[in-house]
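Working notes, beginning with the structure itself.
The values are calculated or read from the model by the stated rules, or taken from the named source; none is laboratory data. Since the model is a prediction, treat every value here as computed from it, not as a measurement. Cβ sites come from the backbone with ideal geometry, for glycine too, and all protein chains shown count toward neighbours. The accessibility values were calculated without ligands, DNA or RNA, using every heavy atom of the protein model including side chains. Shrake-Rupley method; radii C 1.70, N 1.55, O 1.52, S 1.80 Å.
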Amino acid sequence: MQNFEYYARTKIIFGKETENSAGSETALHARRALLHHSGGHAVKSGLIDRIKDSLKAAGVEWVELGGVQPNPRLSLVYKGIDIVKKEKLGCILGVGGGSAIDSAKAIALGAANDGDVWDFFERKKTASQSLPVGAVVTIPAAGSESSNSCVITNEAGPWKRGVNAECNRPVFAILNPELTYSLPPYQTACGICDMMAHIMERYFTREPNVELTDELCEGALRAIIRNARRIFSGGEKDYAARAEIMWAGTLAHNNLLGTGRVGDWASHPISHEITALFETAHGAALSIIFPAWMQYNIKASAGTTEDTARFARFAAKVWGVDGAFYGPEQAALEGIFRMKNFFRSIGLPVSLAEANIDASRIGEMAHRAVKFGPLGNFRKLEEKDIEAIYRIAGEM
């Protein structure tokens with residue numbers, strides 16, 4: 001286990017009707033705030049009005065900025081930064097899923113620093129300060145409500161890039177599982193894959209003696225799979241299942257499960273090229289790429305027991321594969337097979353063709369993916385390796 005520092009500053013307010021505390025929590029940090037959301041269902045359902053009532057009751061003035069899209073856009077971030085500076089707002093309240101919260105984080109980052117906020121995403125500058133951000137979560141998925149990450153799409157590329165910095169962590173997050181009852185099944189499924197991927201990025205490590213976090217990762221994945229099946233078997237309004245999924249999404253990405261270990265983090269940037277070029281949902285891109293990444297690593301490490309053992313353990317502990325019956329390599333591949341079947345069972349694609357992605361652009365995607373150098377830590381991936389992963393995804 002490696003040395004580590006763990007600090008998660010986000011205050012979590014979890015449970016029924018907790019959105020009504022948005023005003024009092026915001027008031028702890030500012031008296032003027034930007035209320036940032038996508039519009040759509042959050043408005044139609046009355047959630048935004050309830051939050052406005054809460055802000056008003058707490059004496060917080062606000063300026064509203066809707067229009068957040070999936071894979072949040074840099075152009076809207078720029079607009080938000082201008083509003084915050086002009087109106088002298090002191091806090092950003094993001095309402096929605098990871099896109100709204102990431103957009104809020106990027107606005108907060110840009111408003112607190114001089115220059116172009118995109119420079120942080122291009123790795124030209126390092127982020128160390130930001131305005132406080134609060135979050136009201138409606139889509140359990142990205143875990144952005146307590147993570148240090150922020151991902152934005154620059155339409156000019158299009159480029160999808162992320163910034164990891166401790167100043168990105170929201171100061172509070174409100175999670176009411178009831179707000180997720182009306183999510184479309186596909187959105188629920190994408191969220192489930194996203195949180196699973198956050199855990200798996202941390203799980204696939206070469207760091208020895210991390211038994212506790214191994215067990216935590218495996219237990220969290222089993223809980224997500226079990227409760228996802230409850231939801232997709234007629235439990236759309238099963239509060240207990242929705243609560244488990246919502247809490248898992250937060251824990252998956254606040255880095256508790258990554259303490260003392262070096263995760264891989266190749267599958268996310270590989271999948272980002274799919275979402276940037278084809279507007280594919282983030283969770284759907286991950287359901288395509290993660291099995292392909294696993295298969296590539298198993299093949300590349302043929303004859304190396306240590307590598308195969310990590311994937312075989314994953315198959316046994318998460319998917320119930322009997323390693324004694326299959327043998328390590330075959331057990332690992334059986335784990336991938338069962339994971340793909342699970343993704344398909346909740347309506348997600350597991351191949352480029354199933355998501356209508358043009359395989360002729362594989363070379364272009366691989367080239368774009370390594371703009372900042374090789375990807376991954378479990379195995380360093382060059383452009384040729386990433387192209388091979390895309391091709392496996394094309395064949396599945």
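Structure values in brief
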| quantity | calculated |
| --- | --- |
| Chain lengthening between E279 and A300 when straightened (0.36 nm per residue, less Cα-Cα) | 4.5 nm |
| Dipole magnitude of the chain, debye to nearest 20 (Cβ charges: Lys/Arg +1, Asp/Glu -1, about Cα centre) | 480 |
| Calculated from backbone phi, Karplus (6.51, -1.76, 1.60) coupling profile of the range 175-192 in Hz, x at Gly/Pro | 10, 10, x, 4, 5, 9, 4, 8, 4, x, x, 5, 5, 4, 5, 4, x, 4 |
| For Y181, distant residues with modelled amide H under 5 Å away | none |
| Heavy atoms of D116 accessible to a 1.4 Å probe, total area in Å² rounded to 10 | 60 |
| Highest-MSF residue in the chain out of Y239, Y78, Y326 [GNM, Cα springs under 10 Å] | Y326 |
| Alpha-carbon Debye profile of the range 229-376, log10 I(q)/I(0) at 0.11, 0.14, 0.17 Å⁻¹ | -0.52, -0.85, -1.22 |
| Theoretical gain in end-to-end length, E61 to S75 [0.36 nm per residue, Cα-Cα removed] | 2.6 nm |
| Reachable lysines from K11, criterion Cα separation under 27 angstrom, eight or more residues apart if same chain | K52, K56, K85, K88, K105, K237 |
| S99, S147, reordered so the largest accessible area comes first (probe 1.4 Å) | S99, S147 |
| Which of E64, E334, E395, E19 is most accessible, then next, and so on - probe 1.4 Å | E395, E64, E334, E19 |
| Cα long-axis angle, helix 282-300 against the chain (0 to 90 degrees, to the nearest 10) | 30 |
| Extension gain, D53 back to T259 (0.36 nm per residue minus Cα-Cα distance, nm) | 70.2 nm |
| The chain: most fluctuating residue of I174, I101, I13 per GNM, C-alpha cutoff 10 Å | I13 |
| The range 122-154 versus the range 340-396: alpha-carbon centroid distance in Å | 25 |
| Computed magnitude of the charge dipole of the range 22-172 (debye, nearest 20; Cβ of K, R +1, Cβ of D, E -1) | 60 |
| Estimated distance in nm for a label pair at Q330 and K16, the labels positioned 7 Å out from Cα along Cα-to-Cβ | 5.1 |
| Max mean-square fluctuation residue, GNM over the chain, Cα-Cα springs under 10 Å, options A42, A332, A285 | A42 |
| Distance-filtered residues of the range 247-280 - backbone nitrogen under 16 Å, label point 7 angstrom along L212 Cα→Cβ | 255-262 |
